[in-house]
Structures are given as C-alpha cells and as structure tokens.
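These notes concern the structure reproduced below.
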Amino acid sequence: DVAFVRGGVARYQARLDLKENRSNPARQAMSRAESFLDHYPDPVERQEAFEELAEIHEALDQPARALAYFRQAQTIEDSLFTTKKDRQIEELTLIYETEKKDAAIAFLEQESELDQVRKRNLWGGILFLIVAAGLVIYTQKLRRKKDRIIHARERDVEIQRRRQAEQELYFKKKELVAKALQLARKNEFLDQL
C-alpha cells in the first residue's frame, strides 16, 4: 500500500510538471514512479499505474515507452478479465451443478413418493384380494352349510314319508287281512247256510 501511494504521488507530480511544461522534473518523477511498479501487489493497482505511465510517456513524447506500458496494462487487463470470466464460469458451473443436483434430488424425492404410493397401492390390492378371497371362501362355506342343512331336511322329510308310507302299508295290510278274514267268515257262514 505504501509503494502504491508513493508511486501515485510520483505520477501525480509528473502530471503537474507536465502541465507546467517542465519535462525534466516530470521525467525524474516518472523514474521514481517506475521504481515502485514492482512493489504493487494488487493487479488492478498495477494496471492503473501502467495506464497512467503510458499516458505520461505519451505526453513526454516517448511513444515507444508509452506503447510498452500500454501493452503491459492491456496484458494485466486481459488477465483480470480472464480471471473474472473464469470465476464467473466457475460460479455459473457451480450454480448449474447445484440446480442440476437439486433437480435430481427433487426427481428422486418424487420417485420415492411414487414408489411409496405404488407400495401402498400394492399392499392395498393384496389386502383387497385377501379380503375378497376370504369373503368368497366364507360364502362358499355358508352355501355348503346351507346345502347340507337343506339336504339333511330333505332326507328327514323323505324318511318321514317312508315311515308314513310304511305305516299306511302296514295298516292297509292289516285292513286287507281283516277284510280277507271277514270274507272268509262270510264264505263259511254262507257255506253253513
């Protein structure tokens, strides 16, 4: 910082000397200003110093030195521009990568949510199928039980009909035997008469 201030003061002195048309003191001030150039740590300060020195040398009618300082200033400006652009590119690349990763994360989160919905639907479907199968099995069991009850009742009714038919047959046989005896008695009675 001290070198930049001293160099700046020397350049300022050279400009003042040029305004007053004192070229020798201006050249001496330029020599002092040039001696501080190697001590500028900041490239922007170096660029500004080179541009001022180019302007002063041009005013002192030293085009070769003015051109040399101008080229050095341009080189630093190009370097700064390149550095700045590289930083911007890095920042944009970082932003792009961040957005890309955020988009990938969002996509993965959506996929995860979709997978969870699919799993829930799958488990819901499986549960529905289990319940439906259970209802079908239960309905079949009820139907079989109902069919067994109906079959048992029909069998009981058939057994009751058979018993009634057997009893009727038994009574008819008895009646027939009784009628046959009655006829036999009548025939005997008629024979006796």
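For Q62, nonlocal amide neighbours, meaning residues 5 or more places apart or on other chains whose placed amide H falls under 5 Å from its own, do not occur. Among A152, A64, A132, the residue with the largest mean-square fluctuation in a Gaussian network model of the chain, with springs joining Cα atoms closer than 10 Å, is A152. Other residues within the sphere of radius under 13 Å centred on the Cβ of E166, judged by their own Cβ, net out at +4 (K and R +1, D and E -1). The chain gives an Rg/Rh value of 2.17, both radii derived from C-alpha positions and Rh following Kirkwood.
Pairs of lysines in segment 46-193 whose Cα atoms sit within less than 25 Å of one another amount to 6, provided the residues are eight or more positions apart or on different chains. Helices in the chain, meaning DSSP H runs of at least 4 residues, each add -39500 (n - 2.57). Divided by all residues, the mean residue ellipticity at 222 nm is -34500 deg cm²/dmol. In segment 106-193 the Cα-Cα distances spread across 10 Å bins starting at 0 as 13, 14, 13, 12, 10, 9, 8, 7, 5, 4, 3, 2, 0 percent of all pairs.
Between 0 and 90 degrees, rounded to the nearest ten: what's the tilt of helix 23-35 against the longest Cα principal axis of the chain? Tilt of helix 23-35: around 40 degrees. The string of couplings for segment 159-176 from the Karplus curve (6.51, -1.76, 1.60, θ = phi - 60°) is 4, 4, 5, 4, 4, 4, 5, 5, 5, 4, 4, 4, 5, 5, 4, 4, 5, 5 Hz, one whole number per residue in order, with x for Gly and Pro.
Each value in this text was obtained by applying a stated rule to the coordinates, not by laboratory testing. Since the structure is predicted, the reported quantities are computational estimates derived from the model, not experimental observations. When we count neighbours, we look across all protein chains shown, and the Cβ atoms used for this are built from the backbone with ideal geometry, even at glycine.
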